[in-house]
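First comes the structure, then the notes that go with it.
The values are calculated or read from the model by the stated rules, or taken from the named source; none is laboratory data. The shown structure was predicted, so the numbers you read here are calculated from the model rather than taken from an experiment. Cβ sites come from the backbone with ideal geometry, for glycine too, and all protein chains shown count toward neighbours. The accessibility values were calculated without ligands, DNA or RNA, using every heavy atom of the protein model including side chains. Shrake-Rupley method; radii C 1.70, N 1.55, O 1.52, S 1.80 Å.
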Amino acid sequence: MLERSTLAENALQALHDEDYDVPFNTQSLNHSTMIFTGGRPARSLAGEWNFCVDLLDTGLRQKWFAMRPEPAEERVEPWDYDPYQGETVPVPSCWQMLKEKWYFFEGSAWYTRALDMEEIAADRRYFLRVGAAQYDCKVFLNGVFLGNHYGGSTPFCAELTGHLEPGRNWLMLVVNNTRTLDRVPMRNTDWFNYGGIYREVELFETPATVIRDLFVHLVPDGSYARIRAEVAVDGDARDAVLRLPALGVEAVVPLDADGRGEIVIDAQPDLWSPETPVLHDVELTAGGDRVADRVGFRQIERVGDEIRLNGRPLFLRGISVHEDDRKAGKVTDEADLRRRFAHARDLNCNYLRLAHYPHHELAAKLADELGFLLWEEIPVYWAIAFDNPATYRDAENQLCELIKRDRNRASVIIWSVGNENPDTDARLSFMRRLVETAKRLDPTRLTSAACLINHARNRIEDRLAEHIDVIGINEYYGWYEENFEDLAEIGRNSDPGKPVVISETGADGAIGDGGPRRGLFSEDYMTKVYERQIETLRPLSYVKGMSPWILYDFRVERRQNVFQGGFNRKGLIAADKATKKTAFAVLANYYAERRDSEGGGGTQT
Ligand code: GCB
């Protein structure tokens, strides 16, 4: 007889245990375990990983992660999956885009790969960083559980120190994209529920002292003459050194017992703006560790109903974008992002709304370089379990991860805490706390959310509006709302006392052979909606910007009529990311006119 391990002996219990996943839902990989990675050499773990979809969660029940790599003929007990053999998929990728049979798969999937280490130095630390995995990701190294992460669009780190061996190691990630009632977003969204490790996975090596955080910004006091830095260091360094060579800055930042420090320096940097996207090299060293970044300095503020950039009133000529690609799903790269900004430039935009979740971090880096302003958002979308503390914890963690990732990006001017949420007491408290968290982590930017219109009274009305800096409004007059005159009336009835941005407006236009010649879903109808929207919004002086819905058609399960065919067709450009619809020129012309009439204001591109 073959010898049975405790694993196999537990097999029956594993079949009956419905709490099998509890030990693996610690959410211990969160914003507090992130490290600052700017300027660090990274070892890419992109490439082929062993892969298996696991609808019944058999792997967690049977503890596949505890299996050792052995040749099949030497295994002494039966197995249902061998993580070390079989099918492979590329990382990053979304499994839906790889095989038709995985298109609608929602559940767990196992990713395994070897990690070969030449040597493990006793005084070095090792961190795995996953750019994003949708939605729950559990990390195992050599059979040891290192923690899990919730949230499908933000990065997370797992420290590998102490678990790595010289030679061959095995990394296993279990990714689960099941939509559940307590998640952020919840079960119902107007975008596709992709799954997988769809952003870069990297390994970082550091000294014993690790710089976890670096936040560098212009002090927003109107002087344009002071730079503040906030740092967090893990280790026994007593101080850190901040350098901005172009400004002649080299300053010692004393650290407290928790490794935290801050400093304010007199310096007069050239200011960043869309017309002059100047970036400065920044370097921080502490206890042998070093990080670097390129940072733009600028001041964004709300004054009355104005948004001001470097003291000048601003109109946001924007467009909304999803992270979606007909072939790659949520996977993006530099070429895809550069094409996106080139299209935004063709539209005469100075601003993009990155909806409805954190986009790839390269988007904000490129926006810094190219001179675009950004709205960044977390997926507190439609219905969320606003009264569930665990849901709040998840949403707040996603917000913290996004802010820590991108708060050195001058392009980012708005943190949005949500989109079209019902105005209940629980929602108000939930989102107000998110706004407070955003302000605590980053007092230098504006907060917003897509708020509600009271259709009975035809006015902008949402209790959250009091707590945010910029009121976002999604309105679909000419599409979901039939009476266009109401839009003008909302304009007259509302006295928001704050800047309003039209965070969405638009209409579907299906083009090509599949599209209708007239009526709803025709290109012609879509164009007319854009013309009327512009005509109606133009005179509303409190409207300080707009980001119509949306740059490209995007995939979504809920859109199944013959013209939609599984896509939301409100793109100004079709899903091929090439074919412009006629409404594109209408918006581009309006933005050109606005830009020119503002003659040299803070809004030129
Ligand atoms: C909205 C949502 C957005 C949808 C859009 C639409 O209000 O915020 O996520 O995709 O409308 O096309 O219906």
Number of the condition not met by Ala574 [criteria: (1) among the hydrophobic types (A, V, I, L, M, F, W, C); (2) more than 20 Å from Glu482 (Cα to Cα); (3) within 12 Å of the ligand (Cβ to nearest atom)]: (3)
I'm trying to understand the selection: among the residues of segment 494-537, which are among the aliphatic types (A, V, I, L, M) and touching a helix residue (DSSP H, G or I) at 6+ places or on another chain (Cβ under 8 Å)? Ile502, Ala507, Ala510, Ile511, Met526, Val529, Ile534, Leu537
Of the residues in segment 38-90, those that are over 21 Å from Val22 (Cα atoms) and in a helix (DSSP H, G or I) come to Ala72, Glu73, Glu74
Might you check whether a residue that is within 16 Å of the ligand (Cβ to nearest atom) and in the same structural domain as His322 (by the TED database) occurs anywhere in segment 589-598? no
Subset of segment 450-480 [within 15 Å of the ligand (Cβ to nearest atom), more than 30 Å from Arg440 (Cα to Cα) and touching a strand residue (DSSP E or B) at 6+ places or on another chain (Cβ under 9 Å)]: His455, Glu475, Tyr476
Name the residues in segment 193-218 that are open to solvent by 10 Å² or more (accessible area, probe 1.4 Å) and within 16 Å of the ligand (Cβ to nearest atom), would you? Asn193
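Would you check if Ile471 is of a type in the set (A, V, I, L, M, F, W, C) and under 30 Å from Arg298 (Cβ atoms)?
Yes, satisfied.
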Filter segment 580-598 for residues that are more than 18 Å from Glu531 (Cβ to Cβ) and open to solvent by less than 60 Å² (accessible area, probe 1.4 Å); which is modelled with the highest pLDDT? Arg595
Residue check, Glu420 against (1) buried (at least 22 other Cβ atoms within 10 Å of the Cβ); (2) among the acidic types (Asp, Glu); (3) on the phi > 0 side of the Ramachandran plot, all met but one. Which one? (1)
Residues within segment 350-383 that are part of a loop (DSSP other than H, G, I, E, B), open to solvent by less than 10 Å² (accessible area, probe 1.4 Å) and within 13 Å of the ligand (Cβ to nearest atom), tallied: 5
Conditions: (1) in a strand (DSSP E or B); (2) assigned by the TED database to the domain that holds His280. Val216 meets all but one. Number of the miss? (2)
Residue count, segment 266-300 (criterion: in contact (Cβ under 8 Å) with a residue 40 or more places away in the chain, in contact with a Pro (Cβ under 8 Å, 6 or more places away or on another chain), open to solvent by 50 Å² or more (accessible area, probe 1.4 Å) and outside any loop (DSSP other than H, G, I, E, B)): 0
I'd like to know if segment 142-159 contains one or more residues that are within 16 Å of the ligand (Cβ to nearest atom) and either within 18 Å of Gly329 (Cβ to Cβ) or not acidic (Asp, Glu) (or both). yes
Applying the selection to segment 55-101, what residues are of a type in the set (Gly, Ala, Ser) and open to solvent by 20 Å² or more (accessible area, probe 1.4 Å)? Ala66, Ala72, Gly86
How about segment 301-326: which of its residues are assigned to a strand (DSSP E or B) and farther than 30 Å from Arg555 by Cα? Glu301, Arg302, Val303, Glu306, Ile307, Arg308, Leu309, Arg312, Pro313
So which pairs qualify, if the first residue must be in segment 187-210 and charged (D, E, K, R), the second must be within 16 Å of the ligand (Cβ to nearest atom) and open to solvent by less than 10 Å² (accessible area, probe 1.4 Å), the Cβ gap must be under 8 Å, and the two must be at least 6 apart or on different chains? Asp190/Val556; Asp190/Asn568
Give the residue, chosen from Pro71, Pro83, that is farther than 29 Å from His359 by Cβ and in contact with a helix residue (DSSP H, G or I) (Cβ under 9 Å, 6 or more places away or on another chain). Pro83
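Pick from Arg312, Arg345: which is under 14 Å from Leu572 (Cα atoms) and out of contact with any strand residue (DSSP E or B) (no Cβ under 9 Å at 6 or more places or on another chain)?
It is Arg345.
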Kindly establish whether Phe567 is within 14 Å of the ligand (Cβ to nearest atom), touching a residue at least 40 places away in the same chain (Cβ under 8 Å) and open to solvent by 20 Å² or more (accessible area, probe 1.4 Å). no
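Considering Phe104, Phe145, which residue is surrounded by 13 or more Cβ atoms within 10 Å (Cβ to Cβ) and either under 27 Å from the mean Cα position of the chain (by Cα) or hydroxyl-bearing (Ser, Thr, Tyr) (or both)?
That would be Phe145, the only listed residue that is surrounded by 13 or more Cβ atoms within 10 Å (Cβ to Cβ) and either under 27 Å from the mean Cα position of the chain (by Cα) or hydroxyl-bearing (Ser, Thr, Tyr) (or both).
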